[in-house]
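Every number here is computed from the coordinates shown, using simple stated rules; none is lab data. In this text the structure is predicted, and so the values were computed from the model without any measurement. Positions of Cβ are backbone-derived with ideal geometry, glycine not excepted, and every protein chain shown enters the neighbour counts.
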Amino acid sequence: MGFLRLDGVSKSYGAVQAVQDLCLEVAQGEFLGVLGPSGCGKTTTLQMIAGFEAPSRGGIWLDGAELTRVPAARRNIGMVFQSYALFPHMTAGENVAFGLEMRRVPRDERGRRVAAALDQARLSGLADRFPRALSGGQQQRVALARALVIEPRLLLLDEPLSNLDAKLRESMQAELRALQRRLGITTVLVTHDQAEAMALCDRIAVMQAGRVVQVAPPWEAYEAPSGAFVADFLGRSNRLAVRVEGGRGWVDGYGFDLPWALPPGEALLAIRPERVRVLPDAADGLRGRVGSRAFLGHSWLYEVETAAGPMGAVVQNTGAPPVAEGAAVALAWDADSLRRLGP
Amino acid sequence: MIRPALLAGPAVLTYALVLALPLGALLLLSLHGYDPTRGALPGWTVENYADLLTDGLFGEALARTFRVSAGVTLICLVVGVPEAWVIHRMRPAWRGVMLLLVLGPLLVSVVVRTFGWMVLLGTGGLVNQALLALGLPGAPYRMLFTEGAIVLGLVHVMLPLMVLAVWASLGRLDPSLPRAAEGLGAGPLTVFRRVVLPQLMPGVLGGTVMVFCLSASAFATPAILGGKRLKVVTTMAYNEFLNTLNWPLGAAIAALLLVAVLGTVALWARLAERPALRRLGAP
C-alpha cells in the first residue's frame, strides 16, 4: 500500500485526453521521477496531486486519506515550480515565512524556523534580498526552503533544475538528493530530462501520451526497457533488424550469438552505443565506416555507417589515439548486450 | 542615415500643433481683462485669477470636482480591480463575453448613456416607481441633479478603463504565483490581497490616475446629470465661454483646473506610485 496512490486518474480538457487511467504508487520516503517528453501529461499529473487541477475521473490518496476533493490550500504539500514562482514583492525571508504565516505560526517561532530554513539552504545573510537580486541557484534554494519550511507531507518538484546552467545543475542535483535522503520526505519530481531523473530518483515512471508505460528503478528501465519508446527515451539505442538462422543472428554477413533461442526468421533487436565495440577493419564484425566522431571527454562517440543503418558507438577514452573519420572499422558485441524490442 | 531624434519629429510637431499651441493661447487669453461691451481688453492682468481664488462659487465647484472625481476613482478601484481578477480567472470562452460586457458602456454614446440615467433616476423614473411600489417611506427620492447621480454616471463609463488598465498587468502575471500561494495554505482572498494585488499595482496606479483625470475633466455627464445648479469646474468654464461670453475668465478657470489636476497627479506619483513600484523593482 503506497503512501501516495493515484488510482485510475484521468484528466481531459474538452476532447483532449491529457492523462489517461493513471495508476501509480509511491512509498513513504521514496523519490519518484515522472519522466516524459513535453505534452505527455506529466505536469498535469503533478498539478492534480498538488490540487491545482481536479481529475476528471479517478482518485488520489495520501497517507490513507482521500485527497481528490481537498482544496490545494489544505493539502499541506510543498511544491517547487519551474519558474520558482517566488513572490517578487517579498524578500527571500518573507517568501519563506509566507507558508508559516498562513498556518498562524507565532511570530517568534516563525522567525526561528525561517532562519533555520534559510540556514539549511545556505542562504543566511540573504533574507532581506528581493528575488530579483538573487542568482538563479539562490532563487531555486529559496523556492525549496519555502516549500520545506511548512514541513509538508509530500514534496513536488516541477522541472526544478531546468533553468540552471549545466554546472550548477549538477551540484544542485547532488544537493537535492542529499537533502531528500536526510529529511526522508516523499518526493515526486517531474522532468523531461532523463539524465536528471536517473541521477536523482529511486524509481522512475516513464509517461507517453497521457499513460505510464513503465515504472522501475532507473537502471532497470535503462537495461530492460518495456518497449521501443522507453528504449529511445532513456539514453540512446541502436536498432538492428537481424535475420535468425541456426540459432545465431546475422547482419550483413556478421554472425553473432543470441542470448535467447529464437525461431528462424526476422527479428528487431536493440543495443546501447556503450555496448558496441569498435574494432579494426580486419576483425570479425559488422563492417562500417566512421561518418563522424565527437569527443565527450570521458569517451568518444562514433557515428558509424553500416549496411544495417547508422550505428552509434561509445568508446571509453583511454588516451589512445581515436579512430579517424572515414576509417573502415568492424563493430562487434556480446550476446548479453542485446535487447529485444516488442514481442 | 536618419538620426533617431528626427524620427520623433512628426509626433512632436503634431503635439505642438494640437496641444501646446491651443494651451498656450488659452493661458495668454486668461491674462487679459474683460468688459461686457468691449470683450477682451488688450492690457495684461492677473485679475481673473485673483477673482477666482476669492470667489466662493469657484471654490465650491472645485471642491465638488475633486469630491466627485475622488469618489468615482475610489468606486472604480473597489469594483474594477477585483472584477478584472474574477474575469481573468474565468474559462476563456466566458472571459471574452464578460470582457465585452464590461466594455459595453464605452461603445454607447455619452449622450444616450447619460439620458438613460436621467430616465432611470428622475422623480417619476423607473427606480423611484419601483421604490414607491415597494412602499418605502419618503419615496420618491430626489436622485437626479445630485452629486450622487454625477458619480454614478461617471463610474458607469470609467469602470471599463480601470478594468482594462488592470487587465494589462494581469497579462504579465506569472500564473504559478497564485498557485504557489494557494499551495502554501492561502485562501482565495489572501491569495488576491497578498500575492496578486501587489503584482497588479502598475495597472492599478495607472488606472487610478487615468480615471481621476478623466473624471475631473468630464463635461457632458456632470452637465446633464448635475443640472444647472450643481456646477463642476468644467461646466463653469463652459458657462463663461458660451453664456457670459467672458472668455478670459473661462480661460483662467480652465487653467486653474489643469494646474490642480496636474498637482494632484504629481503628488500621487510621489506619495503612492513611486514607493509601490520601487517594491516591484523599478529604479
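Some points to look at:
- Estimated FRET transfer efficiency when R0 is 25 angstrom, pair A:E25-A:A195 (beta carbons, to 0.05): 0.50
- Per-residue 3J(HN,Hα) values for segment A:209-215, derived from phi via the Karplus relation 6.51 cos²θ - 1.76 cosθ + 1.60 with θ = phi - 60°, read 6, x, 10, 7, 9, 7, 10 Hz in sequence order (x marks Gly and Pro).
- Considering only B:V211, B:V119, B:V157, the mean-square fluctuation computed in a Gaussian network model of chain B, springs between alpha carbons under 10 angstrom, is largest for B:V119.
- Summing Cβ point charges (Lys, Arg +1; Asp, Glu -1) relative to the Cα centre of the protein assembly as shown gives a dipole of roughly 1380 debye.
- Largest GNM mean-square fluctuation across A:M102, A:M172, A:M48, computed for chain A with C-alpha springs under 10 Å, falls on A:M102.
- FRET efficiency estimate (nearest 0.05) - Cβ-Cβ, B:L41 to B:L132, R0 51 angstrom: 0.40
- In order through segment A:44-58: 3J(HN,Hα) via Karplus (6.51 cos²θ - 1.76 cosθ + 1.60), integer Hz, x for Gly, Pro: 4, 4, 5, 4, 6, 5, 6, x, 8, 10, 9, x, 6, 9, x
- Using a cutoff of 8 angstrom between alpha carbon atoms and counting only pairs six or more residues apart, the relative contact order for chain A works out to 16 percent.
- Dipole in debye (nearest 20) - segment B:174-283, about Cα centre, beta carbon charges: Lys, Arg +1; Asp, Glu -1: 240
- DSSP-loop trypsin sites (Lys or Arg not before Pro) across segment B:148-238, with at most 11 other Cβ within 10 angstrom: B:R172, B:K228, B:R229
- Qualifying lysines (Cα of each under 27 Å from Cα of A:K167; at least 8 residues distant if same chain): A:K42
- Placing pseudo-labels 7 Å out from each Cα toward the beta carbon at B:Y141 and B:Y15 gives an inter-label distance of 4.5 nm.
- Helix-derived mean residue ellipticity, 222 nm - over chain B, DSSP H n ≥ 4, -39500 (n - 2.57), to 500: -21500 deg cm²/dmol
- Full extension of the chain between B:M118 and B:E60 yields a length gain of 18.5 nm, computed as 0.36 nm times the residue separation minus the alpha carbon distance.
- The alpha carbon centroids of segment A:193-268 and segment A:161-192 are separated by 27 Å.
- For segment A:76-88, 3J(HN,Hα) per residue [Karplus equation, 6.51 cos²θ - 1.76 cosθ + 1.60, θ = phi - 60°, Hz, x = Gly/Pro]: 6, 10, x, 9, 10, 8, 4, 8, 6, 6, 6, 6, x
- Taking other Cβ atoms within 10 Å as a rough exposure proxy, A:F31, B:F192 sort from fewest to most as B:F192, A:F31.
- Size of charge dipole - segment A:1-139 - debye, nearest 20, with Cβ of Lys, Arg +1 and Asp, Glu -1, no other charges: 320
- Taking Lys and Arg as +1 and Asp and Glu as -1, the other residues whose beta-carbon sits under 14 Å from that of A:G36 total -3.
- Cβ-Cβ FRET estimate between A:A209 and B:R279, R0 fixed at 35 Å, reported to 0.05: 0.20
- Taking trypsin sites (Lys or Arg not before Pro) in DSSP loop states with no more than 10 other Cβ atoms inside 10 Å as exposed sites, chain A has its longest site-free stretch at A:105-343.
- Cα-based helix-to-principal-axis angle, B:56-88 vs chain B, degrees rounded to 10: 20
- Virtual spin-label span in nm between A:R103 and A:L301, 7 Å along Cα→Cβ: 4.4
- Charge context of A:A216, other residues only, Cβ under 15 angstrom, K/R +1, D/E -1: -3
- For the protein assembly as shown, the residue among A:G39, B:L62, A:V213 whose Cα projects farthest onto the positive side of the dipole built from Cβ charges is B:L62.
- Estimated inter-spin distance, B:W94 and B:L214, nm [label 7 Å along Cα→Cβ]: 2.6
- Residue separation of A:D284 and A:A324 scaled by 0.36 nm, minus their Cα-Cα distance, works out to 12.4 nm of gained length.
- Since only A:S56, A:A320, A:L126 are under comparison, the one whose Cα sits farthest along the positive direction of the charge dipole of chain A, derived from C-beta charges on Lys, Arg, Asp and Glu, is A:L126.
- Axis of helix B:92-107 versus longest Cα principal axis of chain B: the two differ by about 10°, to the nearest ten degrees.
- For segment B:13-110, convex hull volume per residue from C-alpha positions, Å³: 189
- Available extension along the chain between A:K167 and A:E151 is 2.8 nm, counting 0.36 nm per residue and deducting the alpha carbon span.
- Bridgeable aspartates and glutamates around B:K231 (alpha carbons under 14 Å apart, same-chain partners fewer than 8 residues away excluded): B:D55, B:E60, B:E147, B:E240.
- Shape category assigned to segment A:229-268 from the gyration tensor of Cα positions, a/c cut at 1.5: prolate
- Look at B:I75, B:I2 and count the other Cβ atoms within 10 Å of each Cβ; fewest to most, that gives B:I2, B:I75.
- Cα long-axis angle, helix A:136-148 against chain A (0 to 90 degrees, to the nearest 10): 60
- Dipole of the protein assembly as shown, positive end: most advanced residue of B:A218, A:Q138, A:L268 [Cβ charges, Cα centre]: B:A218
- Just checking the listed ones, B:L200, B:L225, B:L17: in the Gaussian network model of chain B with Cα springs under 10 Å, the one fluctuating most is B:L17.
- Shape call, segment A:217-343: gyration tensor on alpha carbons, a/c limit 1.5: oblate
- Normalised per residue, the volume of the convex hull around the Cα set of segment B:74-177 (Å³): 136
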